[in-house]
Each structure stands twice: as C-alpha cells, then as structure tokens.
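Step one of this worksheet: look at the structure below.
No lab work stands behind these numbers, since they all come straight from the coordinates. Given the structure is predicted, the values throughout are model-derived calculations rather than measurements. Using ideal geometry, Cβ is built from the backbone for each residue, glycine included, and neighbour counts are taken over all protein chains shown.
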Amino acid sequence: MPLELVGIKFNSTAKIYHFDSGGLELNVGDKCIVQTERGEELGTVVMGFSNLEHLHGCGKSYKKILRKADEEDCEIYQRKASREREAFNYCVDKIRERKLAMKLVNTELSSDGKKITFYFTAEERVDFRELVKDIAQRFRTRIEMRQIGVRDEARVMGGFGCCGRPLCCTTFITQFEPISIKMAKNQSLSLNPSKISGLCGRLMCCLRYEFEDRVSGRRQEKNGELEMEITEDELLTQEEEDVICQPQDNAPEKSAGSPEDPSMPMDTDLKYQQ
C-alpha cells in the first residue's frame with residue numbers, strides 16, 4: 001500500500017505533524033486518534049494527501065493513524081477539556097490568593113490523566129512550591145509548572161495583527177526565527193515601536209519575510225556607482241535587539257525552578273503524590 005500522508009494539529013497552535021493515513025479515507029476537518037509520545041491523542045486533519053506529495057519518497061518513516069475518532073472519543077476529549085478548564089480556573093484563583101507575580105496562559109492534561117502541565121509567563125523567578133501543593137491536593141495528580149516566553153504566549157492566546165489577519169504564529173509559523181531591528185531599517189520601514197511590534201511586544205515576525213530576499217541580493221545604481229550588499233552578519237539575535245523595541249518582556253524562555261537558584265526546586269516537573 002503506498003504511503004499517504006496527512007497533516008494533523010492537536011490544538012490551536014501552528015505546529016503540524018505528519019502521519020501515515022494507513023489507507024483510511026480522511027478529509028480536512030476529520031477527527032482521528034494517533035499514537036504520540038504522551039499516549040493516544042485526538043487530532044484534526046488540516047492537510048490532505050495532495051498537499052504533502054513533496055514528502056513522499058524522502059525515506060523518513062511516519063507513524064500511522066490508529067483510527068477515525070468516534071462519538072466516544074469525542075466525549076472523552078470533551079471531559080478532558082472540561083477538566084483542563086477547571087484546573088486553569090482553580091490555579092488562577094490560587095495565584096491571586098497568594099499574590100504571585102505570574103500570569104497563567106494555558107493548562108494541558110496528559111492523555112492518561114496522570115499529569116497536568118501549567119504554562120505561565122513571569123518577569124522574574126517565582127517560588128510556586130506552595131501553589132503546586134495546593135493544586136496537587138485538589139486534583140490528586142502530578143503537577144508541572146512550565147515558564148514560557150511572550151512569543152509563545154501570543155501563539156497560545158491568538159489574536160489579530162495590525163494587518164487585520166490572524167497572527168502568523170497561530171496559523172502557519174512553526175518555529176520562531178531571530179528578528180532584528182536592522183530588518184526594518186534595511187527595508188526603509190518606520191521605526192515607530194507601535195508600528196513594528198506585534199501583540200507579544202516583540203518585533204513582528206513578518207519583518208523577516210521580504211528581508212530574506214535582500215540577504216543574498218544586490219542593488220546597483222549605474223549612475224551613482226552605488227552598490228549595496230546585505231550579508232548574514234547584519235542579522236542580530238533576539239537578545240541583541242535595539243532598545244527602540246522597548247518596552248518589551250525580556251524574560252528568558254526557560255523552565256521555572258532552574259538549579260541556578262538554590263532556593264528554587266531542582267526539577268521543573270514537581271511531583272506531589274497525596
């Protein structure tokens with residue numbers, strides 16, 4: 001049987017995973033059950049076979065889709081989503097009660113229901129050990145607190161850009177690339193922070209789209225004998241962004257509880273069994 005790949009999403013973020021349909025007749029929008037590292041997950045088909053022909057024959061192996069999702073699978077997914085909302089609301093209340101300087105972004109319940117992961121943003125380190133104890137006592141399961149950056153927050157929350165379209169990071173961008181203020185300068189764009197910053201407060205990802213063509217291109221003016229070449233050396237990393245992008249959230253994208261601070265837990269996956 002020939003390999004027939006489909007693209008599947010597991011949530012509203014832009015990351016698309018490829019699976020072998022295994023001969024199943026799947027259309028865009030269909031729900032299906034696939035085997036992942038976290039167990040069986042329910043996903044939605046977003047790309048059909050005709051859009052993934054370029055991946056065939058590349059020699060890479062792909063996992064097969066287990067089956068189409070039935071009513072029972074959808075009911076299990078709905079109960080899982082309901083418990084995630086319950087955990088989210090409870091955690092928000094406890095954060096306010098303990099006056100912690102953190103913002104809860106999302107919750108994720110594992111497929112087996114034995115672990116809940118909480119995604120949050122914070123400008124500084126947060127001692128959330130007592131918070132974890134409260135949540136573990138309430139839900140009787142393992143708790144993991146994971147700190148994310150402002151770009152990931154925008155991807156999870158979603159929204160619309162200044163162009164009026166849904167955010168690129170929620171629709172098709174699967175990996176964040178370094179963005180530099182020089183990208184705006186070399187394209188003769190306005191350096192007004194309000195015009196070149198996205199909802200996350202960082203430089204907009206779309207500044208890179210047309211700049212890639214200019215990296216290897218040259219512009220020559222015969223009369224003025226002017227030649228300009230843009231090289232990769234002009235690209236700056238996110239940490240080297242010009243101060244014109246301020247104010248921005250410069251909190252590093254890392255898991256909370258790093259061993260750099262001896263007062264914090266050594267492991268981000270904090271387990272409390274009651």
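Some observations on this one:
- Links that overshoot a 31 Å alpha carbon limit, given the list LYS9/LYS114; LYS103/LYS195; LYS68/LYS94; LYS63/LYS133; LYS63/LYS94: LYS68/LYS94; LYS63/LYS133; LYS63/LYS94
- The stretch 74-166: relative contact order as a whole-number percent, Cα under 8 Å and 6+ apart: 25 percent
- Here CYS169, CYS32, CYS206 are placed in order of increasing Cβ neighbour count within 10 Å, fewest first, which gives CYS206, CYS32, CYS169.
- Close amide H pairs (under 5 Å, H built 1.01 Å from N) link LYS64 with ASP20, residues at least 5 positions away or on another chain.
- The stretch 76-189: C-alpha gyration tensor shape, a/c 1.5 cut-off, then a/b vs b/c: prolate
- Neighbour counts of other Cβ atoms within 10 Å put ARG151, ARG96 in the fewest-to-most order ARG96, ARG151.
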